[in-house]
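Everything below concerns the one structure shown next.
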Amino acid sequence: METLTKEKTEVQKDKSIRVTGSEALLMALIAEEAKIIFGYPGGAIMPVYDKLMDYELQHKLKHILTRHEQGAIHAAQGFARVSGKTGVCFATSGPGAANLITGIADAFLDSTPVVCFTGQVYSHLLGSDAFQETDIVGISMPVTKWNFQVRRADEIPEAVAKAFYIAKSGRPGPVLIDLTKDAMLNELDFSYKKVDKIRSYIPVPETKQYEFEKAVELINSAKKPLALVGQGVILAGAEKELEEFVDKTGIPVASTLLGLSALPSEHPLFTGMLGMHGNVAPNVKTNEADLLIALGMRFDDRVTGKVDTYAPNAKKIHFEIDKAEVNKIINVDVAVLGNIKQTLPLITNLVNENCHEVWSNSFIPYKDEEKRRVINKELYPYNGKISMGEVIRNINETLNGEAVLVTDVGQHQMIASRYFNFKNKRSLVSSGGLGTMGFGLPAAVGAKFGAPDKNIVLVSGDGGFQMTLQELGTIAHNKLPVKMIVLNNNYLGMVRQWQELFFDERYASTSITSPDFVVLASAYGIKGEHVHSHNELVEAMQRLWNCDEPYLLEVHVAKKGNVFPMVPAGAPVDRMVFGDEK
Amino acid sequence: MYQEYTITVFSENHIGLLNRITLNFTRRKLNIDSLTVSESAIKGIYKFTIVVYCSKQTIINLVKQIEKQIDVIRAFYLTPDEILHQEIAMYKIATSALLETNEIEGIIRQFNARILEMTKGYTVIEKTGHKAETQELFEKLQPYGVLQFVRSGRVAITRLKKELLSNYLRKLENKQSVLV
């Protein structure tokens, strides 16, 4: 704040023009090439919306009115995740700002670059419990990478420039700028300079030469190496560099939930997903490996299972941009700090070509066992009800991977992540770290704006869909051809599964009644249909994709289906349960 | 093993930064034993000295998370043998108690304390030292009636031959800007 204004007064006056704070904000957004804003108006932010109307008429900016501020922030996240750009959202003071918090927390845990602008009461009213006043800077502090309250119009250009720089650089994350109403209304001399440096902030830590050398040595001498891919690879745009590394070294690859789509599912060295509901082979092999190469991932507890027994035989190399992640959960032998897009190719150049045939082949029996005991039953159920996996298989068969998968949170999320055919990069949008139910539908809205030429398929559950179903209004209003598939099992399935397995089948508050989602969609003017049988599914899927409008399928799936295999909470990763044990 | 650590944080002077720093303690349910904040030798740069009892693993992660805050320039932790530190304490006693006996004068001498102010009603004694020393003086004075007692947070200076912050800052400012 103080230093901001100090530096601010030194801008060249000759290039500046006299505008209001509101206009300065919008001009700054244009300078940052942030053309699409997701938001919801209200009292304190009205001066900005008033100016925004002019900019919309001139097609300089586009505002998407969501039906709830939580929808706006999730849409901004979905936009950012598919496009690699920074998502932007607007909300008013008080409740508007507070409604953003869940999404901000989600973006914080999943390192998503978003910049939120919230209105605030007049600066002379701050601290007086004025109408719709809330201390959003205080509230959002634990879940933002940076936040700032603008109280003077002339602070706006630099605050915005810093916000965009901080949100996107280094390990990305959410930033919140709170603007008092008088800062929007007062005038300033506007000139804009992008920020590319902040003294106290080192976005990309220095890479130490000897760490490179140690990493190369470990990779060259490893007999049983396993590469663990996280979202860091995607955030750095290092998918190609990853593939080159893998192809040269012949090292099998496993992915975290958010790392999915960094490497195509069909790549011969891709062995599947890690963690609680991941695949058997990479989980078991984690504990057999003599070297783990962690690429932009953070050893989340859903990935490691019981930490004490995690990868006991392996040396560990951690490629990481955030210094604070190194040795946080798992102590590593080598930390290659820096941007993986730059560090990984250097390693690839130095390591020996290899193929690790015996080691790679040792994954096959586990893969086959998982297929036999879980996957085949899930994808090709022979009795009555439709399974969740069958729906995902149908999506794969219809689209051959040409889609972006957006999920909500729960059983359907795990099934979709396990079975979806990821072909293109950035083709998964899912709430990982925070596990936010209600994320899916609004994130799909944002994803469609972020990747208008791609097929966007939302796979949601009956529980999560109801948490933010008001965004059907946003879809209808914008005629967004988002394809929605609600997997309805009349339960909060993931919690019910845990109740079945760990709470003596006591189904406390997990049986849920839902509206007829097809009728609900039609109330918004959105087409849709129910799917009850295997045959209906194939045909309905065709109609879903052939329609150039939004479309909703409510698929009635088996009520008590479970996601297997699984690593029970707190168990070692190589003790997976298949669900067919007696 | 739990032990005492002194955390030193150098930061820009931004409103709310104290909050951002203490949040890292709150979420781990760590009690801050003492906290002082003041401008450092370099204008505009503030220094936080925080004393905390925790394990080694906790302090390592904690300091990394603090340093990760955008406006924090540098943060590090030190063990008791790596620092020189002082606290200041003030004691208010009734002047009558001082006048009735010459024992208090003896205690003041013995503790190397000094009298800051004396009025008809009260006398204020000041003592700098470690917590144990200021505490001991408090206990010695207590029989004569201590009307008020305050102790400051810790200020600390390192014994280590560390890079000077001003040099570090120069290095930061000259560093090529790295985008993304």
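Within region A:334-385, take every residue that is outside any helix (DSSP H, G or I) and within 14 Å of chain B (Cβ to nearest Cβ) and give me the one that is nearest to the chain's Cα centre (by Cα).
Step one: filter region A:334-385 for residues outside any helix (DSSP H, G or I), giving A:334-339, A:351-356, A:362-363, A:380-385.
Subsequent filtering for residues that are within 14 Å of chain B (Cβ to nearest Cβ) retains A:335, A:337-339.
On the way: A:335: 25, A:337: 23, A:338: 22, A:339: 19 Å.
Here the answer is A:339.
Give just the number: which of (1) away from chain B (no Cβ under 14 Å); (2) touching a Lys or Arg at 6+ places or on another chain (Cβ under 8 Å); (3) loosely packed, with under 14 Cβ neighbours inside 10 Å does residue A:331 not satisfy?
For residue A:331, the failing item is (1).
Considering only region A:107-136, state which residues are closer than 30 Å to residue A:236 by Cβ and not in a loop (DSSP other than H, G, I, E, B).
Going residue by residue through region A:107-136, those that are closer than 30 Å to residue A:236 by Cβ are A:107-118.
Result: A:107, A:108, A:109, A:114, A:115, A:116, A:117, A:118.
Inside region B:17-49, can you point out the residues that are surrounded by 13 or more Cβ atoms within 10 Å (Cβ to Cβ) and not hydrophobic (A, V, I, L, M, F, W, C)?
Filtering region B:17-49 for residues surrounded by 13 or more Cβ atoms within 10 Å (Cβ to Cβ) gives B:17-25, B:28, B:30, B:32-37, B:40, B:42, B:45-49.
Passing the criteria: B:19, B:20, B:22, B:24, B:28, B:33, B:34, B:36, B:40, B:46, B:47, B:49.
How many residues, within region A:23-68, are among the acidic types (Asp, Glu) and either under 19 Å from residue A:480 (Cα atoms) or in contact (Cβ under 8 Å) with a residue 40 or more places away in the chain (or both)?
Of the residues in region A:23-68, the ones among the acidic types (Asp, Glu) are A:23, A:32-33, A:50, A:54, A:56.
This time we only want the ones that are either under 19 Å from residue A:480 (Cα atoms) or in contact (Cβ under 8 Å) with a residue 40 or more places away in the chain (or both), so: A:23, A:32-33, A:56.
The total comes to 4.
Would you mind finding the one in A:326, A:374, A:391 that is closer than 27 Å to residue A:429 by Cα and assigned by TED's automatic domain parsing to the domain that holds residue A:533? Reasoning before the result, please.
On the way: A:326 fails: assigned by TED's automatic domain parsing to the domain that holds residue A:533; A:374 fails: assigned by TED's automatic domain parsing to the domain that holds residue A:533.
None of the others qualify; the one that does is A:391.
Consider residue A:371 carefully, then state whether it is surrounded by fewer than 21 Cβ atoms within 10 Å (Cβ to Cβ) and charged (D, E, K, R). Working first, answer last.
Values: surrounded by fewer than 21 Cβ atoms within 10 Å (Cβ to Cβ): yes; charged (D, E, K, R): yes.
Criteria met by residue A:371.
Can you give me the number of residues within region B:34-53 that are within 14 Å of chain A (Cβ to nearest Cβ) and polar (S, T, N, Q)?
Let us first name the residues in region B:34-53 that are within 14 Å of chain A (Cβ to nearest Cβ), namely B:39-40, B:42-48.
Then keep just the ones that are polar (S, T, N, Q); that gives B:40.
Number satisfying all stated conditions: 1.
Among the residues of region A:229-246, which ones are touching a strand residue (DSSP E or B) at 6+ places or on another chain (Cβ under 6 Å) and either modelled with pLDDT under 95 or surrounded by fewer than 24 Cβ atoms within 10 Å (Cβ to Cβ) (or both)? Reasoning before the result, please.
Going through region A:229-246, the residues touching a strand residue (DSSP E or B) at 6+ places or on another chain (Cβ under 6 Å) turn out to be A:229, A:233, A:246.
Answer for region A:229-246, where residues must be touching a strand residue (DSSP E or B) at 6+ places or on another chain (Cβ under 6 Å) and either modelled with pLDDT under 95 or surrounded by fewer than 24 Cβ atoms within 10 Å (Cβ to Cβ) (or both): just A:246.
Quick check: anything in region B:139-159 among the acidic types (Asp, Glu), modelled with pLDDT of 95 or more and surrounded by 17 or more Cβ atoms within 10 Å (Cβ to Cβ)? Break it down stepwise before answering.
Restricting attention to region B:139-159, the residues satisfying the condition of being among the acidic types (Asp, Glu) are B:139.
After this cut, where a residue has to be modelled with pLDDT of 95 or more as well, the list is B:139.
Now restrict to residues that are surrounded by 17 or more Cβ atoms within 10 Å (Cβ to Cβ): none.
Taking every residue of region B:139-159 in turn, none turns out to be among the acidic types (Asp, Glu), modelled with pLDDT of 95 or more and surrounded by 17 or more Cβ atoms within 10 Å (Cβ to Cβ).
Of all residues in region A:422-461, which are polar (S, T, N, Q) and surrounded by fewer than 21 Cβ atoms within 10 Å (Cβ to Cβ)? Let's see the steps before the verdict.
In the first step, residues of region A:422-461 are kept if they are polar (S, T, N, Q); the result is A:424, A:427, A:430-431, A:436, A:455, A:460.
Scanning region A:422-461 gives A:424, A:455.
Can you name every residue in region A:247-261 that is part of a helix (DSSP H, G or I), surrounded by fewer than 22 Cβ atoms within 10 Å (Cβ to Cβ) and touching a residue at least 40 places away in the same chain (Cβ under 8 Å)?
Our first condition is that a residue be part of a helix (DSSP H, G or I); within region A:247-261, this holds for A:247-249.
With surrounded by fewer than 22 Cβ atoms within 10 Å (Cβ to Cβ) added as a condition, the list becomes A:247-248.
Selection gives A:248 alone.
It is to be established whether one or more residues within region A:144-157 are more than 14 Å from chain B (Cβ to nearest Cβ), crowded, with 24+ Cβ neighbours inside 10 Å and closer than 21 Å to residue A:446 by Cα. Talk me through it step by step, then tell me what you get.
From region A:144-157, those more than 14 Å from chain B (Cβ to nearest Cβ) are A:153-154, A:156-157; that's our starting set.
After this cut, where a residue has to be crowded, with 24+ Cβ neighbours inside 10 Å as well, the list is A:153, A:156-157.
Still in the running and closer than 21 Å to residue A:446 by Cα: none.
Checked region A:144-157: no residue is more than 14 Å from chain B (Cβ to nearest Cβ), crowded, with 24+ Cβ neighbours inside 10 Å and closer than 21 Å to residue A:446 by Cα.
Can you tell me which residues in region A:500-538 are surrounded by 15 or more Cβ atoms within 10 Å (Cβ to Cβ), closer than 22 Å to residue A:411 by Cβ and out of contact with any strand residue (DSSP E or B) (no Cβ under 9 Å at 6 or more places or on another chain)?
Result: A:500, single match.
Return the pair list, or none, for Cβ contacts closer than 7 Å from residues in region A:211-223 that are assigned to a helix (DSSP H, G or I) to residues that are among the hydrophobic types (A, V, I, L, M, F, W, C) and surrounded by fewer than 21 Cβ atoms within 10 Å (Cβ to Cβ), at least 6 apart or on different chains.
A:212/A:346; A:216/A:350; A:216/A:351; A:219/A:351; A:220/A:351
When residues of region A:173-194 are filtered for being surrounded by fewer than 18 Cβ atoms within 10 Å (Cβ to Cβ) and within 10 Å of another protein chain (Cβ to nearest Cβ), how many remain?
1
Scan region B:54-71 and give yes if some residue there is of a type outside the set (S, T, N, Q), farther than 13 Å from residue B:24 by Cα and at the interface with another protein chain (Cβ under 9 Å from one of its Cβ atoms), otherwise no.
Checked region B:54-71: at least one residue is of a type outside the set (S, T, N, Q), farther than 13 Å from residue B:24 by Cα and at the interface with another protein chain (Cβ under 9 Å from one of its Cβ atoms).
So for region B:1-11 (the condition being among the small types (Gly, Ala, Ser), within 14 Å of another protein chain (Cβ to nearest Cβ), over 24 Å from residue B:150 (Cα atoms) and in contact with a Phe, Trp or Tyr (Cβ under 7 Å, 6 or more places away or on another chain)), does at least one residue qualify? Please lay out each step first, then the result.
Restricting attention to region B:1-11, the residues satisfying the condition of being among the small types (Gly, Ala, Ser) are B:11.
Still in the list and also within 14 Å of another protein chain (Cβ to nearest Cβ): B:11.
Subsequent filtering for residues that are over 24 Å from residue B:150 (Cα atoms) retains B:11.
Now drop any that are not in contact with a Phe, Trp or Tyr (Cβ under 7 Å, 6 or more places away or on another chain), which leaves B:11.
Yes: region B:1-11 contains one or more residues that are among the small types (Gly, Ala, Ser), within 14 Å of another protein chain (Cβ to nearest Cβ), over 24 Å from residue B:150 (Cα atoms) and in contact with a Phe, Trp or Tyr (Cβ under 7 Å, 6 or more places away or on another chain).
It is to be established whether one or more residues within region B:44-56 are among the aromatic types (Phe, Trp, Tyr) and closer than 21 Å to residue A:141 by Cα. Even if it seems obvious, please write down each step before you answer.
Of the residues in region B:44-56, the ones among the aromatic types (Phe, Trp, Tyr) are B:46, B:48, B:53.
If we keep only those that are closer than 21 Å to residue A:141 by Cα too, we end up with B:46, B:48.
Scanning region B:44-56, I find at least one residue that is among the aromatic types (Phe, Trp, Tyr) and closer than 21 Å to residue A:141 by Cα, so the answer is yes.
Just checking, does region A:195-203 include any residue being more than 11 Å from chain B (Cβ to nearest Cβ) and within 30 Å of the chain's Cα centre (by Cα)? Please lay out each step first, then the result.
If we filter region A:195-203 for residues that are more than 11 Å from chain B (Cβ to nearest Cβ), which is where we start, we get none.
Looking through region A:195-203, none of the residues is more than 11 Å from chain B (Cβ to nearest Cβ) and within 30 Å of the chain's Cα centre (by Cα).
The values are calculated or read from the model by the stated rules, or taken from the named source; none is laboratory data. The shown structure was predicted, so the numbers you read here are calculated from the model rather than taken from an experiment. As a convention, Cβ positions derive from the backbone with ideal geometry for all residues, glycine included, and neighbour counts pool all protein chains shown.
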